[in-house]
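To start, the structure under review is shown below, and the notes come after it.
Any read-out appearing in this document is the output of simple, stated calculations on the displayed coordinates, not a laboratory observation. Just so it is clear, the model here is predicted, and its values are computed rather than measured. Heads up, the Cβs are rebuilt from the backbone with ideal geometry, glycines too, and the neighbour counts pull from every protein chain shown.
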Amino acid sequence: MTRPPNALPLARLLIRGLIVLNALYACAIGVLLVATLIYPKLLFDALVGLDGADAWQVRAALRAVVIVGIAGAYVVYRVLRELLAIVDTVRDGDPFVAGNARRLQAIAWWVLAGEGLRLLVGAIVLGASRFVPAIDNIDVGFSFAPWLAVLLLFVLARVFDEGTRMRADLEGTV
Amino acid sequence: MAIVVRLDEKLHERRMTLTELSERVDITVANLSILKTGKAKAIRFSTLEAICAVLDCQPGDLLAFDPTQPPQEE
């Protein structure tokens with residue numbers, strides 16, 4: 001039986017690339033936040049033409065969305081770091097370690113936190129839409145798939161934990 | 001560990017080397033060495049059966065409990 005091509009180096013490269021892109025994204029929205037604080041006109045100009053867009057609540061809401069976005073970037077960073085650590089254990093030849101079960105569980109919690117942030121953005125946008133009816137149909141990207149992924153990750157983490165224990169039991173068996 | 005493996009004594013009685021036993025029970029010398037030196041954490045029944053068959057002995061001839069020994073570390 002032939003082994004499938006080793007995708008490990010590609011995965012590491014991809015994860016590292018995503019970490020850099022995510023950092024750039026965080027920097028960009030951080031700059032945007034600072035810019036809207038220093039030059040509030042920027043934000044106002046972006047919303048010009050929409051009824052009620054000049055309400056301070058709307059501007060505060062949009063700044064809150066940007067802050068949640070930065071928090072989201074941190075969540076993505078933590079997920080990618082944990083994933084990279086898992087990939088590194090595969091490269092080192094021993095992925096069935098207790099640390100990876102813990103990492104999978106951490107990823108599950110971070111993805112859950114990310115989905116919590118998404119709901120928060122949805123709530124903020126919903127609140128802002130009371131002042132600007134034109135934004136009441138903004139899609140915040142709610143989907144059941146990430147929630148299913150969270151469940152799957154928790155189950156996988158448990159399976160990994162049990163598997164690691166079982167292997168530890170077998171170690172030293174003759 | 002309080003479980004003492006007496007494989008060495010049995011091999012000596014039977015005038016058999018570890019390598020010879022390894023070939024006859026189809027278990028690597030490395031694994032038998034782990035067993036002989038008391039470093040094994042567990043032994044399969046199939047391994048015990050194979051060794052007992054070759055050395056013509058009982059499991060009790062190979063294993064003993066010595067309460068004066070310190071317990072196994074986790």
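Simple point charges give the picture: +1 on the Cβ of Lys and Arg, -1 on the Cβ of Asp and Glu, and for segment A:8-169 a dipole about the Cα centre of about 320 debye. Of the GluC sites (Glu not before Pro) found in segment A:101-174, those that fall in a DSSP loop while having at most 16 other beta-carbon atoms within 10 Å are A:Glu171. For chain A, modelled as a GNM whose springs connect Cα atoms under 10 angstrom apart, the maximal fluctuation among A:Asp88, A:Asp161, A:Asp45 occurs at A:Asp45.
Remark: the Cα gyration tensor places segment B:3-62 in the rounded category, a/c being less than 1.5.
Computed over chain A, relative contact order equals 26 percent, with contacts defined as Cα pairs under 8 Å that lie 6+ residues apart. If R0 is 25 Å, what FRET efficiency do you get for A:Val159 and A:Asn6 from their C-beta distance, rounded to 0.05? The value I calculate is 0.60.
The local environment of B:Gln58, defined by Cβ-Cβ distances under 12 Å, has a net charge of -1 under the rule Lys, Arg +1 and Asp, Glu -1.
Counting Cβ atoms of other protein chains within 10 Å of each Cβ in B:23-36 and taking the mean gives 1. Take the Cα of A:Arg102, step 7 Å toward its Cβ, do the same at A:Ile70, and the gap between the two points is 3.0 nm. Between B:Glu23 and B:Leu63, the distance separating the two model label sites (each 7 Å from Cα on the Cα→Cβ line) works out to 2.8 nm. Comparing B:Arg24, B:Arg14, B:Arg44 in a Gaussian network model of chain B, where Cα atoms under 10 Å apart are tied by springs, the biggest mean-square fluctuation is seen for B:Arg44. Note on A:Val90 and A:Arg130: the extension gain reaches 9.3 nm, defined as 0.36 nm multiplied by sequence separation minus the Cα-Cα distance.
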